[in-house]
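For reference, the structure discussed in these notes is given below.
The values are calculated or read from the model by the stated rules, or taken from the named source; none is laboratory data. Note that the coordinates shown come from a computational prediction; the quantities given were computed from them, not determined experimentally. Cβ coordinates were reconstructed from backbone atoms using ideal geometry, including for glycine residues, and neighbour counts include every protein chain displayed. To get the accessible areas, we keep the full protein, side chains included, count just its heavy atoms, and leave off ligands, DNA and RNA. Shrake-Rupley method; radii C 1.70, N 1.55, O 1.52, S 1.80 Å.
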Amino acid sequence: MAEVKLTNVVKRYGSVEVVHGIDLEIAHNEFVVLVGPSGCGKSTTLRMIAGLEEISDGEIKIGETVVNNLPPRKRNISMVFQNYALYPHMTVSENLGFSLKIAGKSGAEISAAVANAAEILGLGDLLERTPAELSGGQRQRVAMGRAIVRHPDVFLFDEPLSNLDAKLRTQMRVEIKKLHQKIKTTIVYVTHDQVEAMTLADRIVIMKDGHIVQVGTPLDVFERPVDTFVAAFIGSPPMNLINGHIEADHVVFSDGNRLPVPPDFTGKLADGRQVVFGFRADVLMPKGHTLAESGVVTDLDLKIDFAEPLGSESILLSTLGGKEIQARMHNPRPVNEGEVLTCELHLEKCHIFDASSTKNLRE
Amino acid sequence: MSKFSRAIRDHAVPLALIAPSILVILVVVLLPLMFSFYTSFTNYRLIRPDTLWDWIGLRNYQRLLADWDFWVAFGRTILFLTVALNLELLFGLGLALLVNKITWGQRTLRTIMMFPMMFSPILVGFQFKYVFNDTIGLVNNALQSLGLTEFAIPFLVDRWLAFFSISFAEIWMSTSIFAILILAGLFAMPKDPIEAARVDGCSNWQVFRHITLPFLMPFIFIAMTIRSLDVARAYDVVDVMTGGGPAQRTELLWTLIARTAYDDARMGRANAMAYASILLSIFFTWYFFRKLMDARKHLGAF
């Protein structure tokens, strides 16, 4: 059993504070992904859990043990690094068995554990090679194998896929997911790629500037972003965000266009309030090219700047309130540049954020 | 023949361009080498130039095999090399690890570390000759002032003390070569495997033993190769400090060869000794180079 608990964890380098009092509880066997733009403190947080960075303030618990002052080797964790960090002078099987050898396990035990890990990750043919003789994907698998031979309480992944090409990344993503199903263990995974976060996580932790912005399941953070940062960061294409102000339960944009406020917000917003209106491309669809969905719908005439056909659907680009916005066209047909289409906007899936605090006003 | 002349004509420009350097190598390196090799088969003595034509075949080499003094010097050179290289490695490694830990003033320290290399070996020899001198020497003076000894210790006279003294000078002069090369290795070392090892359960000592040291081995072997050639031809420091004496107690190969060649004027014999002792250098170079290749094999891609 190993849950991980961070209480008010702070990291300072000299006088510069980079992580500002983080609280996070990770349950046993949970797969948690820390995601955020570079410099948001996610890797630092992971390295503090690993013990590779000291904790300036606060407390980290793994299981029932406070690990603040324990060296990495006493935390029973294993870690997969971005650059794989294999031991270059050892063969694959020596790499896999190294931690067990250090722990003083017998030769038979080590070879059994190595064989088991090699089996799980399909490394059987590579055991006698050195890291220099492996491809990127193979090195990545060895790094994961090295992590699983020890049966650690917690797995830590530090952007493990960012050095792989796109195709291999997708493939390894599936393997990591399968690995988690096979060897149920607590996993903390750091990435800057929101697609990785969405596909892998039980829960996503979105970080920005050393703070946690939102914690939730992938669908939670996708459907109910707490602020415009999360709204823009999660999902592809990013959420359309348009500045405007409130006038009699309508949002009025700088170009004179107006949309009714979503049902959840009716009557709650004072006239003249500066807001950001947000909706995903998925909820704005040309008439005749929608998904059969009921709900509160408003029509909107849009001049299409151009279309990006993806085959099963097209992404349409247009302008609203001076901002470029995107709509989704199902069962696409060719669209001419400048063509005006009447689109349906599913209002109950739209968001209104405060213009100055950027917070979602739904809560 | 026409084929040959056509080849010359086709490559006239490149041939003309490399001709001067080939000429220089011929005159400066190859000719003297052949000449000295030839004299090792003669009874050539510097004071009687006509002996240059006194061909005696392998007799110089045969005598060498039975020459006790030569083999003692040979053995002492190997001992000297072993002691100096191992201690320099140990001190150099320690020094490099310490300097690597320092963040403030590291550049200055690195420069200071190289001071001993900036002195001419002859001057280092003189310096330690006076440090270890038994009447006016620094060490003896200090020991006597502190009351640690009543008599002067004959550092440069006693067999083992003299060996210790010349080793001390050699190590003092050249430890920094090891330190600099190992430090370069430490700078080039990737941090990730060290962190991985710490997570994998290694204590600091185990990280050093299993990760850092294997990574440093190529750098250590490069230093070993360079220094083995250096020490195998050690002459200047020893000649100044003890001159191979007293009574040949610190005689190394090259002090013996120089004495045979210039004091005894037996150039033919000295050259035979020189060719025999070059085998030693070749052996050490080959040995360390092979070690280096082994150590580098797996590190190549990183």
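Miscellaneous remarks
- Residue within the range A:186-194 that is within 29 Å of A:PRO238 (Cα to Cα), part of a loop (DSSP other than H, G, I, E, B) and either in the same structural domain as A:SER106 (by TED's automatic domain parsing) or free of Cβ contacts under 8 Å to residues at least 40 places away in the same chain (or both) present: yes
- Only one entry in A:ALA115, A:ALA132, A:ALA143, A:ALA103 is at pLDDT 90 or above and open to solvent by 30 Å² or more (accessible area, probe 1.4 Å), namely A:ALA115.
- Close pairs (7 angstrom Cβ cut-off, 6 or more residues apart or separate chains): under 22 Å from A:ARG47 (Cα atoms) and modelled with pLDDT under 85 in the range A:160-176, assigned to a loop (DSSP other than H, G, I, E, B) and open to solvent by 70 Å² or more (accessible area, probe 1.4 Å) anywhere: A:ASN163/A:ASN83
- Any hit, the range A:25-42, residues being in contact (Cβ under 8 Å) with a residue 12 or more places away in the chain, open to solvent by 40 Å² or more (accessible area, probe 1.4 Å) and not in a loop (DSSP other than H, G, I, E, B): yes
- Which listed residue is over 24 Å from A:ILE315 (Cβ atoms), open to solvent by 20 Å² or more (accessible area, probe 1.4 Å) and in contact with a strand residue (DSSP E or B) (Cβ under 6 Å, 6 or more places away or on another chain), from A:ILE187, A:ILE212: A:ILE212
- Single residue of the range A:123-132 satisfying the filter (more than 8 Å from chain B (Cβ to nearest Cβ) and outside any loop (DSSP other than H, G, I, E, B)) that is nearest to A:HIS180 (Cα to Cα): A:GLY124
- Among (1) within 14 Å of chain A (Cβ to nearest Cβ); (2) among the basic types (Lys, Arg); (3) in contact with a helix residue (DSSP H, G or I) (Cβ under 8 Å, 6 or more places away or on another chain) - the single one B:LYS129 does not satisfy: (1)
- Residue in the range A:81-91 that is farther than 21 Å from B:PRO214 by Cβ, within 25 Å of the chain's Cα centre (by Cα) and assigned by TED's automatic domain parsing to the domain that holds A:LEU134 present: yes
- Looking across the range B:16-45 at every residue that is of a type in the set (Phe, Trp, Tyr) and in contact (Cβ under 8 Å) with a residue 24 or more places away in the chain, the one that is surrounded by the fewest Cβ atoms within 10 Å (Cβ to Cβ) is identified as B:PHE37.
- Within the range B:241-276, being of a type in the set (Gly, Ala, Ser), crowded, with 18+ Cβ neighbours inside 10 Å and under 16 Å from B:PHE163 (Cβ atoms) holds for one residue alone: B:GLY244.
- If only residues of the range B:209-240 that are open to solvent by 40 Å² or more (accessible area, probe 1.4 Å) and touching a residue at least 60 places away in the same chain (Cβ under 8 Å) are counted, the one that is farthest from the other protein chains (Cβ to nearest Cβ) is B:ASP239.
- Out of A:SER15, A:SER93, A:SER43, sole residue that is more than 28 Å from A:ALA117 (Cβ to Cβ) and among the hydroxyl-bearing types (Ser, Thr, Tyr): A:SER15
- So A:ARG173, is it in a helix (DSSP H, G or I), within 14 Å of chain B (Cβ to nearest Cβ) and of a type in the set (Lys, Arg): no
- Residues in the range A:64-80 that are within 25 Å of A:ALA117 (Cα to Cα) and either surrounded by fewer than 22 Cβ atoms within 10 Å (Cβ to Cβ) or more than 7 Å from every other protein chain (Cβ to nearest Cβ) (or both): A:ARG73, A:LYS74, A:ARG75, A:ASN76, A:VAL80.
- Residue list for the range A:52-63, filter: within 14 Å of chain B (Cβ to nearest Cβ) and either in contact with a Pro (Cβ under 8 Å, 6 or more places away or on another chain) or open to solvent by 30 Å² or more (accessible area, probe 1.4 Å) (or both): A:LEU52, A:GLU53, A:GLU54
- Sole residue being assigned to a helix (DSSP H, G or I), more than 12 Å from chain B (Cβ to nearest Cβ) and touching a residue at least 60 places away in the same chain (Cβ under 8 Å), chosen from A:ILE120, A:ILE49, A:ILE110: A:ILE120
- Among (1) more than 14 Å from every other protein chain (Cβ to nearest Cβ); (2) of a type outside the set (Lys, Arg); (3) at negative phi - the single one B:GLN248 does not satisfy: (3)
- Each residue in the range A:82-98 was checked for being surrounded by fewer than 19 Cβ atoms within 10 Å (Cβ to Cβ) and more than 9 Å from every other protein chain (Cβ to nearest Cβ), and 1 pass.
- Restricting the range B:258-300 to residues that are within 14 Å of chain A (Cβ to nearest Cβ), without any contact (Cβ under 8 Å) to a residue 24 or more places away in the chain and part of a helix (DSSP H, G or I), the residue that is farthest from B:LEU65 (Cα to Cα): B:LYS297
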